[in-house]
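Visitor: My questions all concern the structure below.
The values are calculated or read from the model by the stated rules, or taken from the named source; none is laboratory data. Just so we're clear, the structure is a prediction, and the values are computed from it rather than from any experiment. Cβ sites come from the backbone with ideal geometry, for glycine too, and all protein chains shown count toward neighbours. In case anyone asks, the SASA skips ligands and DNA or RNA and just uses the protein heavy atoms, side chains included. Shrake-Rupley method; radii C 1.70, N 1.55, O 1.52, S 1.80 Å.
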Amino acid sequence: MPDEQKPEGSPAPSEGGGSEAQQAKPPAPATPKPVPPKPAAPPAPKPPAVMMATPWTAPLAEDLKARFGDAIKDTSTYVGQNFVVTTPEAAIPVMEYLKVEADFDYLVDVTAVDWPKRPERFDLVYILYSFARNERVRIKTYIKDGDKPKTAVGVHLTANWLEREVFDMFGIEFDGHPDLRRILMPDEWEGHPLRKDYSILKQDQRWVRENLAIESGQ
Amino acid sequence: MGSLLRKIFLVDLFQGLGVTFRNQNPKYICTEQYPAERPRIAERYRGAPRLNRNPENGETLCIACNLCALACPETLIVVTSERNEQTKRKDLTNFTYDTSRCMFCGLCEDACPVDALELTQDFEMASYTREGQVWDRQALEEGPRPKQYKC
Amino acid sequence: MPDSTFLDSTELVLNMGPQHPSTHGVLRVILKLDGEKVLGTDCVLGYLHRGVEKIAENRTYAQFNPYVDRMDYVAAISNGLGYCLAVEKLLNAEVPARAQAVRVILTELNRVASHLLWLGTHALDIGAITPLFYCMREREAALTIFEKYCGARLTTHAFRIGGLQYETYEGFEQECKDFCDMFLPKVDEYEELLTANRIWMARLQGVGVLSAEECKEYGVTGPVLRAAGEKWDLRKAQPYSGYEKYDFDIPTCQNGDTYDRYMIRMQEMRQAVRIIRQAVDALPAGPIMGKVGKVIKPPVGEAYVSIEAPKGELGYYIVSDGSTQPYRVRVRPPSFVNLQALDRMIRGGLVADVVAIIGTLDIVLGEVDR
Ligand code: SF4
Ligand code: SF4
């Protein structure tokens, strides 16, 4: 399958071509098996297959770059929304710095995006908001499958459940999390549903059989 | 003294009853005698599906374009058609609609180019079996049965 | 004889829910008690998990729209608005002025309906049965408007990406105005029943206090945050859908307890009526659908858009890979995040307060579990 090169310093993951799009179709498993094209599926995409983000050059971005140097890989803005791409190690210090120095005192959300064909499989996204500045910023880092990013609970307590949900849905384990259990799925469930290789029809048959006493949940 | 008189003549009770009876005004009664009387349902209500026919000759309006099936998030509509050699158009053969999975969002209705598929004001779609929830062309054209429940 | 019996232990673990009427759905709370005192809680969620985010990845943008109604089902219109705004942001689509105004009217009506349901059930939890009937009566009027407008009362699917599917019906403006005229005296009526009621005050005042700092720490938004004194409302802070055109206040209180949250929501209903009146009076004519095309295919990119839902900040983070289906939709549910503060609010309180605090958070389990 094509597209695997991620240009250095590119603001966004560069996949998301037609093949990627087809892979997201309902019953298609993530194995690169030819998928019957659906009528709505786009043909091989014309140019911009990357996010057309522009550099973000507000004082805050400069400030971050000056402070963290190479750990800040990128500061961009897309549709008027600013985001910072950092190395996985720097995400928490950056968040802490933003909280203490720049009033970003409200962690809106922690989530992840799965890009199975990229070497760093997951985007970990932290959305921050500052009441004083009325401004949002997203912190993104790319992590590999099996990496254990540090938890943000020490900075924002709200990360507790949000990270549990990311763990539940993507199987990303957070290092130092006080209470890393599944939150939405049953505790004994196998698999992490929001991974792209977890088909929408898939389920933990064993769990369903044992706990619901039926053969299938469908 | 005044309060004693109030108590003797049960003034509070009558005041309370006054409120009660004021609210007995038929204007405020909103109980609907449901099976005997059809409830008032909004014109745009999205209820039981219907496949419209041409009132003049009874032919279906559906042109078997399959747009409704593509629009449906639950992909519960199956349209089968065969090509008519004379008119060079597709003729509808069967149309199934699984009401048990439908969420009455109205996307199929919006997608239909000829207003053949319509969500009507009928809401009585209960059935004793799962299979009974899957409506075929005949059920869709003639509407749910029985038409009216007796009480 | 066993060495120790359960009587020796001071701790008692009590399971509440998931079938408990006061947990507003299928929330299960495990309480650790010392007598009547709550030492700690653990919430067990997921009984209503339907995988909305997974479904989104397997539907087209337009097809996913009805599913968002099923998260916060008492404020389905707000959910739909947030989702449509997020996709419109990705598409960079303009929504016509008329569509925006109708959206505001319906969203505010929905806010009223949601707060009414909250008030009724919350009062019921505390032990006042009457407000429930009153609230349901008025909520019915709002739902009737929804039904007439789009054909459904609860899971409305009222908006489409780019604008509206349905033009307003004959007499829509008048009915909205009638609703406002009818409704304001009713709010006074509820307040008469509750605000100075001694039992109500005794049960709510000083219960479940959450300060503004704690709210921010826990990411708690909406009425809970405003009750703690933070004057923050996304409709003012980052206006969307034309909210900057309307004149309304953000009610705030100081104590951050359950009683204050009640006051805030009562005020919010009044403000919502104010917005509806202005929007109805200034309802512009014109098209109701913007130019988005039949097939919705946003360019590669990502956007986070949030709105002020009745429960707090409701956000949608959508990643598009340039196809007709979203690559990832993340819903930032206000109920889920607010519920996290439950433990902090309850600790040290009494068992009876648990019900009051769950009620005051105004959670909807459909949204917590998605
Ligand atoms: S109403 Fe919605 S769910 Fe039902 S058939 Fe039509 S498109 Fe499908
Ligand atoms: S969209 Fe209308 S005309 Fe086309 S197949 Fe469906 S019902 Fe028939």
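Visitor: I need the full set of residues from region C:148-177 which are part of a helix (DSSP H, G or I) and either touching a residue at least 24 places away in the same chain (Cβ under 8 Å) or out of contact with any Lys or Arg (no Cβ under 9 Å at 6 or more places or on another chain) (or both), in order please. Explain how you work it out, then say what you get.
Guide: Of all residues in region C:148-177, those part of a helix (DSSP H, G or I) come to C:148-150, C:172-177.
Listed by number, the residues that qualify are C:LYS148, C:TYR149, C:PHE172, C:GLU173, C:GLN174, C:GLU175, C:CYS176, C:LYS177.
Visitor: Inside region B:104-117, can you point out the residues that are over 13 Å from B:ALA71 (Cβ atoms) and either more than 13 Å from ligand 2 (Cβ to nearest atom) or open to solvent by 60 Å² or more (accessible area, probe 1.4 Å) (or both)? Working first, answer last.
Guide: Kept after step one, since they are over 13 Å from B:ALA71 (Cβ atoms), are these residues of region B:104-117: B:104, B:114-116.
The answer is B:PHE104, B:ASP115.
Visitor: If we scan region C:58-72, do we find a residue that is more than 14 Å from every other protein chain (Cβ to nearest Cβ) and not β-branched (Val, Ile, Thr)?
Guide: Narrowing region C:58-72 to residues more than 14 Å from every other protein chain (Cβ to nearest Cβ): C:72.
From what is left, the residues that are not β-branched (Val, Ile, Thr) are C:72.
Within region C:58-72, one or more residues are more than 14 Å from every other protein chain (Cβ to nearest Cβ) and not β-branched (Val, Ile, Thr).
Visitor: Exactly one condition in (1) over 21 Å from C:SER22 (Cα atoms); (2) touching a Phe, Trp or Tyr at 6+ places or on another chain (Cβ under 7 Å) is not met by C:ASP369; state its number.
Guide: Exception for C:ASP369: condition (1).
Visitor: Looking only at strands (runs of 3 or more DSSP E) that lie completely in region B:12-129, which have at least 1 residues being among the aromatic types (Phe, Trp, Tyr) and more than 16 Å from ligand 1 (Cβ to nearest atom)?
Guide: Details: elements: B:49-51, B:77-84, B:89-98, B:117-119.
Answer list for region B:12-129: none.
Visitor: Let me ask something else. Would you please list the contacts, defined by Cβ atoms under 7 Å and residues six or more apart or on different chains, that run from a residue in region B:121-144 that is open to solvent by 40 Å² or more (accessible area, probe 1.4 Å) to a residue that is at pLDDT 80 or above and in a helix (DSSP H, G or I)?
Guide: B:SER127/B:GLN133
Visitor: Can you tell which of A:VAL137, A:VAL155 is open to solvent by less than 20 Å² (accessible area, probe 1.4 Å) and more than 17 Å from the chain's Cα centre (by Cα)? Even if it seems obvious, please write down each step before you answer.
Guide: Details: A:VAL137 fails: more than 17 Å from the chain's Cα centre (by Cα).
So the residue among A:VAL137, A:VAL155 that is open to solvent by less than 20 Å² (accessible area, probe 1.4 Å) and more than 17 Å from the chain's Cα centre (by Cα) is A:VAL155.
Visitor: I would also like to ask the following. Just checking, does region B:77-93 include any residue being closer than 29 Å to C:TYR149 by Cβ, near ligand 2 (Cβ under 10 Å from one of its atoms) and within 23 Å of the chain's Cα centre (by Cα)? Before you say what the answer is, go through the steps one by one.
Guide: Step one: of region B:77-93, the residues closer than 29 Å to C:TYR149 by Cβ are B:77.
Keeping just the survivors that are near ligand 2 (Cβ under 10 Å from one of its atoms) gives B:77.
Narrowing the set further to residues that are within 23 Å of the chain's Cα centre (by Cα) leaves B:77.
Scanning region B:77-93 turns up at least one residue that is closer than 29 Å to C:TYR149 by Cβ, near ligand 2 (Cβ under 10 Å from one of its atoms) and within 23 Å of the chain's Cα centre (by Cα).
Visitor: Of everything in region C:251-270, what is open to solvent by 20 Å² or more (accessible area, probe 1.4 Å) and in a helix (DSSP H, G or I)? Give them in sequence order.
Guide: C:TYR259, C:MET263, C:GLN267, C:ARG270
Visitor: Mind listing whichever residues of region B:85-95 are buried (at least 16 other Cβ atoms within 10 Å of the Cβ) and not charged (D, E, K, R)?
Guide: Scanning region B:85-95 gives B:LEU92, B:PHE95.
Visitor: Looking at C:ASP69, is it under 29 Å from C:SER306 (Cα atoms) and open to solvent by 40 Å² or more (accessible area, probe 1.4 Å)? Give the steps one after another, and end with the answer.
Guide: Working: under 29 Å from C:SER306 (Cα atoms): yes; open to solvent by 40 Å² or more (accessible area, probe 1.4 Å): no.
Taking the combined requirement at face value, the residue does not satisfy it.
Visitor: Separate question: Pick from region A:122-134 the residues that are facing another protein chain (nearest Cβ under 8 Å) and over 13 Å from the mean Cα position of the chain (by Cα): which of them is nearest to A:ASN82 (Cα to Cα)?
Guide: Selected residue: A:ASN134.
Visitor: Which residues, taken from region C:178-209, are in a loop (DSSP other than H, G, I, E, B) and not hydrophobic (A, V, I, L, M, F, W, C)?
Guide: C:THR195, C:ASN197, C:GLN205, C:GLY206, C:GLY208
Visitor: Identify, please: which residue in region C:142-153 is touching a helix residue (DSSP H, G or I) at 6+ places or on another chain (Cβ under 6 Å) and not β-branched (Val, Ile, Thr) and is, among those, farthest from the other protein chains (Cβ to nearest Cβ)? Walk me through how you get there before you give the answer.
Guide: In the first step, residues of region C:142-153 are kept if they are touching a helix residue (DSSP H, G or I) at 6+ places or on another chain (Cβ under 6 Å); the result is C:142, C:145, C:153.
From the residues that got through so far, the ones that are not β-branched (Val, Ile, Thr) too are C:142, C:153.
On the way: C:ALA142: 13, C:ARG153: 9 Å.
If we take residues in region C:142-153 being touching a helix residue (DSSP H, G or I) at 6+ places or on another chain (Cβ under 6 Å) and not β-branched (Val, Ile, Thr), then C:ALA142 is farthest from the other protein chains (Cβ to nearest Cβ).
Visitor: Can I ask one more? Report, by residue number, each residue of region C:241-250 that is over 17 Å from the mean Cα position of the chain (by Cα) and surrounded by fewer than 18 Cβ atoms within 10 Å (Cβ to Cβ).
Guide: Within region C:241-250, C:GLY242, C:GLU244, C:LYS245, C:ASP247, C:ASP249 meet the criteria.
Visitor: If B:TYR34 meets every condition in (1) more than 16 Å from ligand 2 (Cβ to nearest atom); (2) within 9 Å of chain C (Cβ to nearest Cβ) apart from one, which number is that one?
Guide: (2)
Visitor: Between C:GLU175, C:GLU189, C:GLU138, which is touching a helix residue (DSSP H, G or I) at 6+ places or on another chain (Cβ under 8 Å), open to solvent by less than 10 Å² (accessible area, probe 1.4 Å) and farther than 24 Å from C:GLU244 by Cβ?
Guide: Values: C:GLU175 fails: open to solvent by less than 10 Å² (accessible area, probe 1.4 Å); C:GLU189 fails: open to solvent by less than 10 Å² (accessible area, probe 1.4 Å).
None of the others qualify; the one that does is C:GLU138.
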